[in-house]
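Structure first, commentary second.
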Amino acid sequence: MDHIAEIDKHGPSVADREDRMRALELLLSRQSVGVLEEPAPHGAELDLILDAGLRAPDHGRLRPWRFVLIRGDERLAWGERLAEAAQTRDPATAQMLGDRYRAWVRRTPLLIAVGAEIRADHKIPEIEQVLSAGAAAMNMLNAIHMLGYGGMWVTGVNSHDPRINALLGFKAPSRLVGFLAVGTPKTAPRIERPSRAAHTTEWNA
């Protein structure tokens, strides 16, 4: 907890600050995990994850976040829908991609489709409404990690396919921002984080 020692002990109590720093240290260990197994969060834990998504920044209080849960036996049916969409997009690669999608859905304990219900006629720009849905996805990934599970934000052609969007209740201009694949990490290789200095500059007049 080297970061804790560097914090000036003013404001909140030492105990409160240390609790918060421990939580932050845990958050800083988050990474995407693609190899997942049962169990997935459910019940009160899943409610907490969804509630975290509902705390995303929201310019104009439009609350554009929409979450669709795909779990249990419904995963198999969803895998078939993905395979059908692949067939429509490109018959030449449909068999390979269909098998890949079916296998992915089968081995993923829980999928959370995350989308934005866009109000195109509102003064808040569309991009800000989409960004709010993306922030909700990140909040949920953080909560997933904090509860001891693993997750990965998956995008790609299925997120942008109008047929897939429609199956989940998103009609343009509303749209998916991706799927959260959620479960218990089967393997979690450590990923070296990039240098802070490589991504940060300071503006000077």
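The values are calculated or read from the model by the stated rules, or taken from the named source; none is laboratory data. These numbers were taken from a predicted model, which means no experiment stands behind them. Neighbour counts are summed over all protein chains in view; Cβ atoms, including those assigned to glycine, are modelled from backbone coordinates with ideal geometry.
Could you go through region 25-41 and let me know if any residue there is surrounded by 13 or more Cβ atoms within 10 Å (Cβ to Cβ) and over 19 Å from the mean Cα position of the chain (by Cα). Yes: one or more hits.
Just one of (1) in contact with a Phe, Trp or Tyr (Cβ under 9 Å, 6 or more places away or on another chain); (2) surrounded by fewer than 17 Cβ atoms within 10 Å (Cβ to Cβ); (3) acidic (Asp, Glu) fails for Asp58. It is (2).
Exactly one residue among Ala92, Ala85, Ala103 is surrounded by fewer than 20 Cβ atoms within 10 Å (Cβ to Cβ) and either in contact (Cβ under 8 Å) with a residue 60 or more places away in the chain or under 21 Å from the mean Cα position of the chain (by Cα) (or both), and that residue is Ala103.
Let's see how each residue does on (1) closer than 15 Å to Val33 by Cβ; (2) loosely packed, with under 15 Cβ neighbours inside 10 Å; (3) not small (Gly, Ala, Ser):
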residue: Ile124; (1), (2), (3): no, no, yes
residue: Ala133; (1), (2), (3): no, no, no
residue: Gly151; (1), (2), (3): yes, no, no
residue: Ile164; (1), (2), (3): no, no, yes
residue: Pro185; (1), (2), (3): yes, no, yes
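Candidates Thr93, Thr187: the one that is modelled with pLDDT under 95 and farther than 16 Å from Pro41 by Cα is Thr187.
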